[in-house]
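In what follows, a structure is listed as C-alpha cells, so that the remarks can point back to it.
The values are calculated or read from the model by the stated rules, or taken from the named source; none is laboratory data. Because the structure is a prediction, the values reported are computed rather than measured. Reconstructed Cβ throughout: ideal geometry from the backbone, glycine too, with neighbour counts over all protein chains shown. The area values use the complete protein model at the heavy-atom level, side chains included, leaving out ligands, DNA and RNA. Shrake-Rupley method; radii C 1.70, N 1.55, O 1.52, S 1.80 Å.
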Amino acid sequence: MQDPEGTRAAIQRSVLAHPALACILLSALWAVATLPGLNAVGLINWQESARALVAQRMHTSGDWIVPTIADQPYLAKPPMLYWAELTLCRLTGRPPGEAELRSTVALAGLTGVLLTYFAGRSILCAGVDRGGVRSSAESSDELNAIAALWAGIFLATGILYVRSSRIGELDILLAPWTVGAIWGCTWAWVREDAGLARRMLAIVLASVCCAGAALTKGPPALLSIGLGIVGGIGLWTAWECAPRPRAGRTTVAAMLCGCALMAAGAWVNRDALGSVRAWLGIVLLGCTGCAAGLMTPLFQRGSLSRVLEAVWKSGIVPALATGVLGLWAWSRAVEARLGAEVIARTASQEASDNLRALSFESPIQNLEAAVYAVGVGSIACIAALTWLVTQPPRISRSWWVLLAWLVLGLAFFSLAGRGTGRYLTPLWPAVALLGGVWITRATRDFAGGIAIARGAFILVCIIACTQAYWYSAVSPAKEAERSSRGLMRELLAPEHGVDRSRLAAIDFWVGSLDFYAGHHVLPVIDIGPWIDFPHEE
C-alpha cells in the first residue's frame with residue numbers, strides 16, 4: 001500500500017530538484033491571482049491613463065525618445081515602460097491598447113516572481129560566511145531551494161504586488177530590475193572564490209538591470225539597489241567583522257540619532273502636533289534614525305577600508321554607474337531635441353511632487369503597506385525579523401543584504417517620500433525572501449512546523465482565489481464609473497454624430513479621455529491634476 005507521506009515528500013523533492021517544475025507552480029499561482037479580469041475595467045487613474053496615451057502617441061509618431069501628450073513633452077518618467085509595451089506590440093503585431101499595457105506590467109510581475117525564486121536559490125545558497133564555519137544544516141541546497149520557492153509563492157500572490165501587476169503603472173517594472181541587480185552584486189560579493197569570469201558575468205547582469213531600473217524610474221530606483229548592497233555590506237562589516245564596541249556606546253548613538261530625527265520631524269510637522277497620528281509618525285521617524293546608531297562599529301580603525309574593499313568586489317559601483325550613464329544618455333538625447341531648460345524644469349517638478357522630507361504620514365502609510373503587501377509573506381517576514389532580533393543567529397552575508405534592502409529602503413522612503421504604497425514595490429521581493437527563509441526554518445525547527453507550512457500554503461491559495469474573484473467579478477462593477485471607457489463609447493456612438501475633434505472637458509482632464517477618443521480632448525479651465533500640462537482657456 002502506497003504511503004501518502006512518502007508520496008508527498010517525493011513530489012516535494014521533485015519540485016525542488018527541477019526548477020522548471022517550480023516555475024510552473026509559481027506561474028500557475030501568478031496566473032490565478034493576476035490574469036482574471038485583467039482588462040475588465042478601462043483605464044482608471046491618472047498614471048495608467050498617461051502611460052497608455054504616451055505609448056499610443058509613440059507608436060503613431062515613431063518617436064521613441066521624447067514621450068508626448070497632445071504633442072507636448074511629457075517627461076515625468078523615463079521611457080522604459082513605453083519601450084517595453086511597444087516591443088510587446090511589435091512581437092504580437094497589435095497596436096498599443098489597454099490590453100497591451102496591462103499585459104506588459106503583468107509580464108513584468110511574473111518576471112519579478114521568477115527572478116526572485118532563482119535569486120533566492122542562488123544567493124541564499126551562496127550566502128555562507130567565508131570567514132565562518134559552514135553548517136550543512138544551515139546552508140543545504142535543499143533548505144535554500146525551499147526558501148526560494150516559498151518566496152516566489154508569497155510574491156506571486158502578494159496583495160499589493162498583484163495589484164501593481166494589474167494596473168498600467170511603471171512601478172512593477174522595478175521589481176525584476178531590482179532583483180536582478182541585487183542578485184548579481186550579491187553573488188559577485190559572496191562568491192569571491194568563483195573566478196573572475198563568472199563574477200564579471202554577475203556584475204554585467206547587475207549593470208544591465210541598473211540601467212533598466214534607471215530608465216524606468218530614474219535615481220530613486222538606483223537608490224533602492226545601492227542601499228541594499230552597500231547597506232548590507234556595511235551591516236555585515238559592523239556586526240560580523242569589526243571589533244564589537246561596548247553595547248552602551250552603540251545604544252547611546254542610536255538614541256541620539258533617533259532623538260535628533262524626532263526633533264526634526266516635530267519641527268517639520270509642528271502644525272499637526274495636536275493629533276495622536278502625527279506623534280505616532282514622529283516616533284516612527286525616530287525609529288528610523290536609531291538604525292543609524294547601529295552603524296557605530298564602522299567608525300573603528302580598519303572598518304571603513306573593509307567596507308570599501310567589499311563594495312568594490314560586489315561590482316555595485318560600475319553597476320550604478322551604468323544606470324546613471326543610461327539615464328544620462330536618454331536625457332542628453334531629449335535635451336538635444338528640447339533644450340536643457342525643459343529637462344531642468346521637469347526634474348524640479350518631479351522632486352517637488354514626490355519628495356516629502358520628514359512627513360509624519362509617510363512612515364505610517366509605508367508600515368501599513370508593508371504589513372499586508374505580500375500577503376502571507378508579510379506575516380512570515382514580520383516573524384523573521386522578530387526571530388532575528390530576539391534570537392539572533394550568526395547569519396550569512398546575503399541575509400545582511402536582504403535586511404538592508406528592506407529596512408534601509410523602507411527607512412529612506414519613510415524619511416523622504418510621501419507614503420505612497422506603490423513606491424515600495426521594489427522592496428516586496430525582499431519581504432518575500434525573508435518570509436521564505438523564516439517559514440522554511442519554522443518547518444524544520446518547530447514542533448508544529450509542518451502544520452504551519454500547510455496552513456500557509458492553504459492561506460496562499462485562498463488569497464489567490466479571492467483575488468481572482470475580486471478582480472473578475474467585484475472590481476468591474478465597483479470601478480466601472482472611474483474609467484472614461486464607457487463614457488467615450490457612449491458619447492462617440494455613431495447615432496450621436498459627435499465630432500471628436502471638437503470635444504472639450506471643463507475643469508477636468510485625464511489621459512484616458514484622449515486615449516478612448518482617439519483625439520485630443522481640450523481641457524478648459526483645467527485646475528488639476530498636478531502635472532504641468534499645457535491647456536487653453
Handout entry: Carbon plus sulfur fraction of accessible area for the chain, probe 1.4 Å, in percent
Key = 65
Practice task
Using amide H atoms built 1.01 Å from N in the peptide plane, name the residues 5+ places from Ile69, or on other chains, whose amide H lies under 5 Å from its own.
Solution key: Tyr74
Exercise for the section: May I ask you to derive the FRET efficiency for Glu479 and Ile506 from their Cβ-Cβ distance with R0 = 22 Å, giving the value to the nearest 0.05? Expected result: 0.40
Completion exercise
Mean projected area, convex hull of alpha-carbon positions in the stretch 372-451, reported to one decimal in nm², is 5.7
Handout entry: Peptides 396-404, 202-210, 469-477 ordered by average Cβ neighbours within 10 Å, highest first
Key = 396-404, 202-210, 469-477
Problem - Kyte-Doolittle at least -0.5, axis length at least 27 Å by Cα - qualifying DSSP helices, the chain - result: 98-126, 196-217, 247-268, 316-338, 449-469
Practice task
Would you be so kind as to identify which of Gly497, Ala319, Phe413 lies farthest towards the positive end of the dipole of the chain, taking Lys and Arg as +1 and Asp and Glu as -1 on Cβ and the Cα centre as origin?
Solution key: Ala319
Problem - Pair Ile65, Val317: separation of 7 Å Cα→Cβ label points (nm) - result: 3.3
Completion exercise
For Val524, the residues 5 or more places away or on another chain with a placed amide H closer than 5 Å to its own amide H are Ala505, Ile506, Asp507, Phe508
Exercise for the section: Would you mind computing, in nm to one decimal, how far apart the modelled labels at Val276 and Thr390 are, each placed 7 Å from Cα along Cα→Cβ? Expected result: 2.6
Exercise for the section: Give the peptides 484-497, 434-447 in descending order of average Cβ contacts within 10 Å, highest first. Expected result: 434-447, 484-497
Handout entry: Shape of the chain, Cα gyration tensor, a/c cut at 1.5
Key = prolate
Problem - Accessible area per residue, Å², the stretch 389-499 with all protein chains present, probe 1.4 Å - result: 47
Problem - Accessible surface ranking that places the most exposed of Asp353, Asp507 first, with a 1.4 angstrom probe - result: Asp507, Asp353
Fill in the blank from the handout: Burial-style ranking of 168-177, 360-369, 21-30, average other-beta-carbon count within 10 Å with highest first, yields 168-177, 360-369, 21-30
Completion exercise
Listed by chain and number, the lysines with an alpha carbon less than 29 angstrom from that of Lys313, same-chain partners under 8 positions apart left out, are Lys217
Problem - Net lengthening on full extension, Val371/Val268 (0.36 nm per residue, minus Cα-Cα) - result: 34.4 nm
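Can you give the Rg/Rh ratio of the stretch 407-537, where Rg is from the C-alpha atoms and Rh is the Kirkwood radius?
Answer for the stretch 407-537: 1.20.
Assuming a ≥ b ≥ c are the square roots of the Cα gyration tensor eigenvalues, decide whether the stretch 39-123 counts as rounded (a/c under 1.5), prolate (otherwise, with a/b larger than b/c) or oblate.
Numbers: a/c = 1.96, a/b = 1.78, b/c = 1.10.
Note, shape of the stretch 39-123 comes out prolate.
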Exercise for the section: At 1.4 Å probe size, with every protein chain present, just tell me what the per residue accessible area of the stretch 328-388 comes to in Å². Expected result: 49
Exercise for the section: Determine one quarter of the surface area of the Cα convex hull of the stretch 337-392, which equals its mean projected area, and express it in nm² to one decimal. Expected result: 6.9
Practice task
Any chance you could check the Cα centroid distance between the stretch 50-66 and the stretch 251-293 for me, in angstrom?
Solution key: 44
Handout entry: Dipole-positive endmost among Thr251, Thr425, Ile65 within the chain (Cβ charges, Cα centre)
Key = Thr251
